[in-house]
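Heads up: the structure comes next, in structure tokens.
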């Protein structure tokens, strides 16, 4: 079950491995949790006390968020060093050590909850993603994430999706075009919406159109867009849509979306779509059970 790697302790307390946005999240989380001070730890643990600790998996899963978790401790005290036993994307079993820590005891105790919050949440995303990826294995379809992410955590959760073997969709509203039903209604039709985008699209952004029926699919094919998102279609409709699209001289990339569950996703993949977007891998992932234990001084 294990795919473990080690990071040299000399690289230990290095927050350059996370970006500024993540550091801001860490600082907000520490401010929320610690406030003016962790009085319990300060009043019990002498300032010079050093300790060793381990972050341990209590259930099987896929790890993600190690960099953010270790950066939490360094943010409190650069004297904390770590030895990573399971990097992002590693499979762990209950009882496996994810990371070993050593250094000032106060920093380790104060950072424990915030570090675990990052690591558990992101590992949960990676674990659920890997289950979906495994479910469609061999079909050629790939699992995509969506914009249904925790506000402020998008880059972290998308990294967790990659750790689980999934593929990232657009980062936001700025790096790809997705024409949805509301856009089409306001523009006066699909052709009109696509024409407006083409006229303004000086950045060469990929253009995707969301369709929900055979008629809308035909409109999208006539418009010659790059990708077509087949939204909330049943299996028969998806199969017909794939057959229709594949007969085009330059077939668009096809993505299926809507009501994707582990029980259903294999059948959707077998219709022949290229991608399946799954909002659940970010908005409904259950945190992986991890804990921190003190192992000595």
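The values are calculated or read from the model by the stated rules, or taken from the named source; none is laboratory data. Because the structure is predicted, anything quoted here is derived from the model rather than measured. Glycine also receives a Cβ, built like all others from the backbone with ideal geometry; neighbour counts cover every protein chain displayed.
For the reader, a short list of remarks on this structure follows.
- Selection of segment 97-124 for residues being closer than 28 Å to residue 276 by Cβ and in contact with a strand residue (DSSP E or B) (Cβ under 9 Å, 6 or more places away or on another chain) yields 119, 120, 123, 124.
- Single match in 173, 230 (criterion: surrounded by fewer than 18 Cβ atoms within 10 Å (Cβ to Cβ) and at pLDDT 95 or above): 173
- Answer residue from segment 166-190, given it is touching a helix residue (DSSP H, G or I) at 6+ places or on another chain (Cβ under 6 Å) and either outside any loop (DSSP other than H, G, I, E, B) or free of Cβ contacts under 8 Å to residues at least 60 places away in the same chain (or both) and is nearest to residue 67 (Cα to Cα) among those: 168
- Any hit, segment 36-48, residues being assigned to a helix (DSSP H, G or I) and under 29 Å from residue 282 (Cβ atoms): no
- When residue 71 is tested against (1) over 24 Å from the mean Cα position of the chain (by Cα); (2) within 28 Å of residue 164 (Cβ to Cβ); (3) at pLDDT 95 or above, only condition (1) is not met.
- Taken as a whole, the structure places residue 77 among residues that are at pLDDT 95 or above and either closer than 23 Å to residue 41 by Cβ or in contact with a helix residue (DSSP H, G or I) (Cβ under 7 Å, 6 or more places away or on another chain) (or both).
- Of the residues making up segment 151-165, one or more are over 22 Å from residue 20 (Cβ atoms) and either within 19 Å of the chain's Cα centre (by Cα) or free of Cβ contacts under 8 Å to residues at least 40 places away in the same chain (or both).
- Residue identified as crowded, with 21+ Cβ neighbours inside 10 Å and either under 18 Å from the mean Cα position of the chain (by Cα) or outside the structural domain of residue 40 (by TED's automatic domain parsing) (or both) among 145, 181: 145
- Of the candidates 129, 208, the single residue that is touching a strand residue (DSSP E or B) at 6+ places or on another chain (Cβ under 9 Å) and in a helix (DSSP H, G or I) is 129.
- Among the residues listed as 94, 64, 86, the single one being in the same structural domain as residue 290 (by TED's automatic domain parsing), within 26 Å of residue 276 (Cα to Cα) and outside any helix (DSSP H, G or I): 64
- Condition check for residue 180: out of contact with any strand residue (DSSP E or B) (no Cβ under 7 Å at 6 or more places or on another chain) and either at pLDDT below 95 or under 30 Å from residue 130 (Cβ atoms) (or both): no
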